[in-house]
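Worksheet for the structure shown next.
The values are calculated or read from the model by the stated rules, or taken from the named source; none is laboratory data. Keep in mind that this is a model prediction, so the values were computed, not measured. Note: ideal-geometry Cβ built from the backbone for every residue, glycine included; neighbour counts use all protein chains shown.
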Amino acid sequence: MLTPDQIYQAVIEKKISKISATGLLISILDGSKNDEIRAKCLEIFIRLALNTEKVFRIIENCLIGDKSPLVRTAAIVAIFRNFPKKFNFMPINWAVNNENSLIVLHQFLELFEMVDDPHYKQLKINLMKRLQKIYEVEQSEINLILKLGLVYIQLTNDIELDVKYSWYKIMHMVRNSNNPLGLIHRLHHLSVGGTLKPLPESLIKVSILKKHVLDGLNPRISLDIWKNKNLVQGTY
């Protein structure tokens, strides 16, 4: 069977049609046990601008019901890029209110930053309020916590990290780190002006946590396509 990249190349070289490519990509999505390959299929949907009703239903199902956070994260970008708001708003709204994966919710916030639309801005506000309630911190600290969560996933390969259970895992990582990634520099921002959950001060050095986590470290799980702002402009 062709790989997603080979399917893409075959379309570019006009060896197969987009209709045939759609069927092949859906077959891989349905049959592969490799989540990175399945996520790659969604990337190819974007690169080939596949936007039929059938493709929409497949992407929608991936966003709402797929077991893999990696696939759901790729589905977010695909549904943003390939379909206008009149189609994608309802599944996105559902996911914002029901999704618990840290990497998926982080991807939502990244995309909401890239679009200038009042409805998506409201979804961002709703999501930030939800995360504020979960983490019990000021909203200004949420992005930092999510970035630390991505670092935790990178270090532990715990791609299933759930926001509801991530706080103490992240704090455990910070206080037990030998500072290989500058974690000791990252806690200061969390402790300035926030309402951090109780944590014995002796276990962490609260003078610490800076810009490194906000600017650096693209986690291994990221796909290159997620970093391309041109791919999430879509038609609104």
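Overview of results
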item	result
From the options Glu43, Glu53, residue that is of a type in the set (Asp, Glu), farther than 30 Å from Asn157 by Cβ and either modelled with pLDDT of 95 or more or in contact with a strand residue (DSSP E or B) (Cβ under 9 Å, 6 or more places away or on another chain) (or both)	Glu53
Check on Val96, closer than 25 Å to Asp158 by Cβ and surrounded by fewer than 23 Cβ atoms within 10 Å (Cβ to Cβ)	yes
Count of region 28-74 residues which are assigned to a helix (DSSP H, G or I) and free of Cβ contacts under 8 Å to residues at least 12 places away in the same chain	6
Filter pass, Leu105 being closer than 17 Å to Glu60 by Cα and at pLDDT below 95	no
Lys67 vs. criteria surrounded by fewer than 21 Cβ atoms within 10 Å (Cβ to Cβ) and not assigned by TED's automatic domain parsing to the domain that holds Ile44	no
Selected residue [in the same structural domain as Asn143 (by TED's automatic domain parsing) and among the acidic types (Asp, Glu)] from Asp30, Asp117, Asp35	Asp117
Residue list for region 61-111, restricted to those being among the small types (Gly, Ala, Ser) and under 22 Å from Ile142 (Cβ atoms)	Ala95, Ser101
